[in-house]
1. Tally time: how many residues in segment 20-60 are loosely packed, with under 15 Cβ neighbours inside 10 Å, among the small types (G, A, S) and modelled with pLDDT of 90 or more?
2. Looking at segment 131-179 only, could you name the residues that are under 18 Å from L42 (Cβ atoms), in contact (Cβ under 8 Å) with a residue 24 or more places away in the chain and aliphatic (A, V, I, L, M)?
3. Inside segment 125-146, can you point out the residues that are at positive phi and buried (at least 20 other Cβ atoms within 10 Å of the Cβ)?
4. Exactly one condition in (1) among the polar types (S, T, N, Q); (2) in contact with a Leu (Cβ under 8 Å, 6 or more places away or on another chain); (3) surrounded by fewer than 16 Cβ atoms within 10 Å (Cβ to Cβ) is not met by Q98; state its number.
Amino acid sequence: MLMSQHSFSMQDHTEFSSNATTNISTRKGGFTMNTATKEKTLLLSKRGMKELKRSIASLTHDRQKAIQELHELDKMSDRDTRLNHLEKLARLDIIESQLQDKELALKSARLIPTRRARMQVAIGSVVDLIDTQGRIFRYMLVDSIEANPSDGRISIASPLGQNLLGKTVRDVIEWSAGLKPNRLQLVSIS
């Protein structure tokens, strides 16, 4: 188990993963958060791995820039500068938190195995589906960290992703999204 401690003000916006246990205690000037995260192996595509590394590089650059801005503000001492300093500190805290989360994800990330059963849908599979109107949809099943449905990458944790896992060609996939039931036929797996 990994333990991380974050301090933040009430105005900060942070996201927490569903596999984290969170304890929040009140402290003067804000909250202290202890997040215990279960270490889980993430299976990422080559594209997902590159995007994660690119995101870490971008956050590292943003962190250095925020630190430089704080050093410049330290040289000034008027009231507006002090308020700006607090805003920059809050921004730096958010960047460091995001950076820590991404680095933790990268530590546990592995590439999706290239050798897998092509007869059944698994993480990393590219599937072609056809709906009742004859429209064809192509999706790649990925871990939730790299899912982007508008880009054709759906999470194995999504309703469609869960129903696709283990299916074979010609299987009919049915799931409900809200009030409307959905029905697609699996036509190919690659």
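1. 2
2. Residues satisfying the conditions are M140, L141, V142, I145, I156, L165.
3. Those that are at positive phi and buried (at least 20 other Cβ atoms within 10 Å of the Cβ): none in segment 125-146.
4. Result: Q98 fails condition (3) only.
Residue by residue, here is whether (1) assigned to a helix (DSSP H, G or I); (2) more than 30 Å from A177 (Cβ to Cβ); (3) small (G, A, S) holds:
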residue	(1), (2), (3)
D62	yes, yes, no
Q68	yes, yes, no
L83	yes, yes, no
R115	no, yes, no
M140	no, no, no
I145	yes, no, no
A157	no, no, yes
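The values are calculated or read from the model by the stated rules, or taken from the named source; none is laboratory data. Just so you know, these numbers come straight off a predicted model, no measurement behind them. Here the Cβ is made from the backbone with ideal geometry for all residues, glycine too, and neighbour counts use every protein chain on show.
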